[in-house]
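Undergrad: The structure's right below; bear with me while I get my questions together.
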Amino acid sequence: MAMPALDPGPVELHARNVVFDWSETPLHWIPNEPTASNAISVVNMLFPEAERWFIEAYNEALPFVQDDELAATMRGFIGQEAMHAEAHDHAIAEFLEANGIETKAFLAQMEWLFRKLLGPKKAGSAKAKRKQLVERLWLIAAAEHYTAILGNFALNNTWEEHGADPAMMDILRWHGAEEVEHRCVAHDVAVYFGDGYLRRARAMAVILVGLLAVVFRGAAFIGAQDPHYRGAHALLILPRYMKAAHKGLLPSLRSVLFATITYFKPSFSPVEVGSTAQAVAYLAKSPAARRAGHAPRALED
Ligand SMILES: [Fe+2]
Ligand SMILES: [Fe+2]
């Protein structure tokens, strides 16, 4: 996909009320590429709980935000993440379940992870609760670093050349483009609540390990129910992943590692990941976003 030359600068964040038709999407939505198809399909099971967790933390954080512009951006972010969660919920029922993948057990694990393990602190002093909220905001900033990387990858890969399903490409590129569009929000929010190199590094380590574990575990979970994979050892997923990454169908582990290292630079800025111009250009032509009747608007100062 060609990258537009001009960057429009910051854009006003708003949710697009998209709907996808899953009736024609097969489990292997990239033909003859079960590993790449299943590894990416995991995001449908991961994102809804993760994004609702982001929203809960932001609703908790909003009353403490005195900066009107940041608060407005947070509300735009909440609107977009709520729509992402809803769209992937539909994909769980209408794509994964419809293709014979029983998702309940995996979704229960995601619920435990985001509601219990990483959820808001129920007991303790107001100070302790605030401290834990700030830790969550840094975890969200780290998670959003990866959603921006994945979003940028969704806009720049070889899916089309391999005949990928249009509905799946559109949901991933619409979502990916909005992730690139709002890639600075979570970092700005976390910095507003209290920057710290140790906080950044700790959050990044937790999210990187968690993300890799969920993606590989999720791919194995889908694979165990996929007739193509039944009986194959879970350890086979890694070499097959690397082969698909080499074809440009999955983000290479090297690129993920490189992007992780850039986050540890003290001068890191989320703007370094992806292109707003490319994201906005995709959102202007996304079939689902067009059906929703939204065109991106530039922010007026
Ligand atoms: Fe999202
Ligand atoms: Fe996001």
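The values are calculated or read from the model by the stated rules, or taken from the named source; none is laboratory data. Treat the numbers as computed from the prediction; the structure is a model and nothing was measured. Please note: Cβ atoms are built from the backbone with ideal geometry, for glycine as well, and neighbour counts cover all protein chains shown. Calculation scope for accessible area: heavy atoms of the full protein, side chains included, ligands and nucleic acids excluded. Shrake-Rupley method; radii C 1.70, N 1.55, O 1.52, S 1.80 Å.
Undergrad: Return yes or no: is F64 under 27 Å from P227 (Cβ atoms) and open to solvent by 10 Å² or more (accessible area, probe 1.4 Å)? Give the steps one after another, and end with the answer.
TA: Values: under 27 Å from P227 (Cβ atoms): no; open to solvent by 10 Å² or more (accessible area, probe 1.4 Å): yes.
Answer is no for this residue.
Listed here are the residues, each with its yes/no results for (1) away from ligand 2 (no atom under 16 Å from the Cβ); (2) without any contact (Cβ under 8 Å) to a residue 24 or more places away in the chain; (3) part of a helix (DSSP H, G or I); (4) within 21 Å of Y192 (Cβ to Cβ).
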position	(1), (2), (3), (4)
P63	yes, yes, yes, yes
F77	no, no, yes, yes
E81	no, no, yes, yes
A85	no, no, yes, no
H90	yes, no, yes, no
A93	yes, yes, yes, no
W112	yes, yes, yes, no
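Undergrad: Separate question: Please identify the pairs in which a residue from the stretch 172-184 that is closer than 13 Å to E144 by Cα and among the charged types (D, E, K, R) has its Cβ atom under 7 Å from the Cβ atom of a residue that is outside any helix (DSSP H, G or I) and more than 10 Å from ligand 1 (Cβ to nearest atom), counting only partners at least 6 apart or on another chain.
TA: Short answer, once both residue conditions are applied: E181/V11; E181/L13; R183/V273; R183/G274.
Undergrad: Shifting gears a bit: Quick one: would you say A154 is more than 15 Å from ligand 1 (Cβ to nearest atom) and not charged (D, E, K, R)?
TA: No, not satisfied.
Undergrad: Given (1) buried (at least 18 other Cβ atoms within 10 Å of the Cβ); (2) modelled with pLDDT of 95 or more; (3) closer than 24 Å to L249 by Cα; (4) more than 15 Å from ligand 2 (Cβ to nearest atom), where does N38 come up short, assuming only one miss?
TA: Unmet condition: (2).
Undergrad: If you take the residues of the stretch 185-201 that are open to solvent by 60 Å² or more (accessible area, probe 1.4 Å) and aromatic (F, W, Y), which of them is nearest to ligand 1 (Cβ to nearest atom)?
TA: Only one residue tops the list, namely Y192.
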